[in-house]
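Visitor: Pasting in a structure now, in structure tokens, and then I'll have a few things to ask.
The values are calculated or read from the model by the stated rules, or taken from the named source; none is laboratory data. These numbers come from a predicted model, not from an experiment. Here Cβ is always computed from backbone atoms with ideal geometry, including for glycine, and neighbour counts include all displayed protein chains. Ligands, DNA and RNA are excluded from the accessible area calculation, which covers all protein heavy atoms including side chains. Shrake-Rupley method; radii C 1.70, N 1.55, O 1.52, S 1.80 Å.
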Amino acid sequence: MELYLVRHAIALEAEPGQPDEARPLSEEGREKFRAAVQGLKRLGVRFDRIYHSPKLRAVQTAELLIPLLEKGQTRVTPHLAEPPGEALLEELEGSSVALVGHEPWLGSLCAWLLVGSPQGDAFPFKKGGVAHLEGHPRPGQMRLLGFWPPRLLRKLA
């Protein structure tokens, strides 16, 4: 499996009384991530499935990835809005899959899949950043093929 871990794009700060889950992407975040998606396209990235957190900023980021979705669908999973665990891995289907989520959990997921230990500070994702992993989606059984900050992806666009 090719697995792409994607941190949501830049979001607005919460308004007074607004729940964290309802924070949308900022216009700047949308624009920058659209360019990052073009960079991924130039790299030949395609997905057959996109999973995302139920938080609005992750949903909107996943929607911006749809041009890279070849034949599958997007699917919400609460497991991308919490620390990584077996339940998330059990859900995954496809050969080229994107997971759109949040820090610190994406960094922890990346470390867990690469070295078998969820040490999230070893892989800090910038907003709109992407890690490309390959292998069997089990702890310690994947290898890192790319770790791209959003600025680099935009330069490729």
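Visitor: For the stretch 1-60, what class follows from the C-alpha gyration tensor (a ≥ b ≥ c being the square roots of its eigenvalues): rounded when a/c is under 1.5, otherwise prolate if a/b is larger than b/c, else oblate? Numbers along the way, then the final one.
Guide: On the way: a/c = 3.94, a/b = 1.73, b/c = 2.28.
Here the stretch 1-60 falls in the oblate category.
Visitor: Rounded to whole Hz and in sequence order, give me ³J(HN,Hα) for the stretch 125-135 from the Karplus expression 6.51 cos²θ - 1.76 cosθ + 1.60, θ = phi - 60°, writing x for Gly and Pro.
Guide: Per-residue couplings from phi come out as 8, 6, 4, x, x, 9, 10, 10, 10, 9, x Hz.
Visitor: Note the listed values [x] 15.2; [y] 16.9; [z] 17.4, then indicate which one is Kirkwood radius over Cα pairs in Å calculated from this particular structure.
Guide: [x]
Visitor: Which GluC sites (Glu not before Pro) in the stretch 1-45 pass both tests, a DSSP loop state and at most 12 other beta-carbon atoms within 10 Å?
Guide: On the way: sites: Glu2, Glu13, Glu21, Glu27, Glu28, Glu31; in loops: Glu13.
Listed in order of number, the matching sites are Glu13.
Visitor: Taking the Cβ of Leu145 as the center, what net charge do the other residues with Cβ under 10 Å away carry, scoring Lys and Arg +1 and Asp and Glu -1? Walk me through the numbers on the way to the answer.
Guide: Numbers: positive: Arg143; negative: Glu2, Glu134.
Once positives and negatives cancel, what remains is -1.
Visitor: Give the lysines whose C-alpha is closer than 19 Å to that of Lys127, dropping any in the same chain fewer than 8 places away, or say none.
Guide: Counting by Cα, and skipping residues close in sequence, Lys127 has these lysines nearby: Lys32, Lys41, Lys55, Lys155.
Visitor: Can you list the residues, at least 5 places off or on another chain, whose amide H is less than 5 Å from the amide H of Leu69, using H built in the peptide plane?
Guide: Phe47
Visitor: List the residues whose amide H sits under 5 Å from the amide H of Val76, counting only those 5 or more places along or on another chain, with H placed 1.01 Å from N in the peptide plane.
Guide: Close amide H contacts, sequence-distant or interchain: His52.
Visitor: Please work out how much accessible surface Glu103 shows to a 1.4 Å probe, ignoring ligands, DNA and RNA, in Å² rounded to 10.
Guide: 50
Visitor: How much length would be gained if the chain were fully extended between Ser117 and Leu92, taking 0.36 nm per residue of separation minus their Cα-Cα distance, in nm to one decimal? Display every interim value, and only then the final one.
Guide: Details: separation 25, 0.36 × 25 = 9.00 nm, distance 1.96 nm.
Full-extension gain reported as 7.0 nm.
Visitor: Follow-up. Please calculate how many Å² of accessible area the chain carries per residue, with a 1.4 Å probe and no DNA, RNA or ligand atoms counted.
Guide: Details: 7360 Å² over 157 residues.
Here the residues of the chain average 47 Å² of exposed surface.
Visitor: Moving on to the next point. Only Lys, Arg, Asp and Glu count, each charged at its Cβ (+1, +1, -1, -1), so figure out the dipole size of the chain about its Cα centre, rounded to 20 debye. Mind dumping the intermediate values first?
Guide: On the way: 20 positive and 19 negative charges, 153 e Å.
That gives the chain a dipole magnitude of about 740 debye.
Visitor: Could you compute the net charge surrounding Ala22? Neighbours are other residues with a C-beta less than 11 Å from the C-beta of Ala22; K and R count +1, D and E count -1.
Guide: On the way: positive: Arg23, Lys55, Arg57; negative: Glu15, Asp20, Glu21.
Every neighbour counted, the sum reads 0.
Visitor: Quote the accessible area belonging to His79 in square angstrom, nearest 10, computed with a 1.4 Å probe and with ligands, DNA and RNA left uncounted.
Guide: Taking all protein chains as shown, His79 has close to 50 Å².
Visitor: Further, regarding this structure: If you plug each phi of the stretch 145-157 into the Karplus form 6.51 cos²θ - 1.76 cosθ + 1.60 with θ = phi - 60°, what whole-Hz ³J(HN,Hα) values come out, in order, with x for Gly and Pro?
Guide: Going residue by residue, I get 9, x, 9, 10, x, x, 4, 5, 4, 5, 5, 6, 4 Hz, with x marking Gly and Pro.
Visitor: What does the charge count near His52 come to, summing +1 for each Lys or Arg and -1 for each Asp or Glu among other residues with Cβ under 14 Å from its Cβ?
Guide: Working: positive: Arg7, Arg49, Lys55, Arg57, Arg75; negative: Glu21, Glu63, Glu82, Glu91.
Overall, the nearby charge balance is +1.
Visitor: Can you figure out the FRET efficiency of Met1 with Leu152, using R₀ = 22 Å and their beta-carbon distance, to the nearest 0.05?
Guide: On the way: r = 23 Å, r/R0 = 1.07.
After rounding to 0.05, the efficiency reads 0.40.
Visitor: Top to bottom by accessible area (1.4 Å), largest first, where do Lys32, Lys155 land? Provide the component values of the computation, followed by the final result.
Guide: Values: Lys32 75, Lys155 155 Å².
Descending order: Lys155, Lys32.
Visitor: How much accessible surface area, in Å² rounded to 10, belongs to the heavy atoms of Met1 with a 1.4 Å probe?
Guide: Approximately 50 Å² for this residue.
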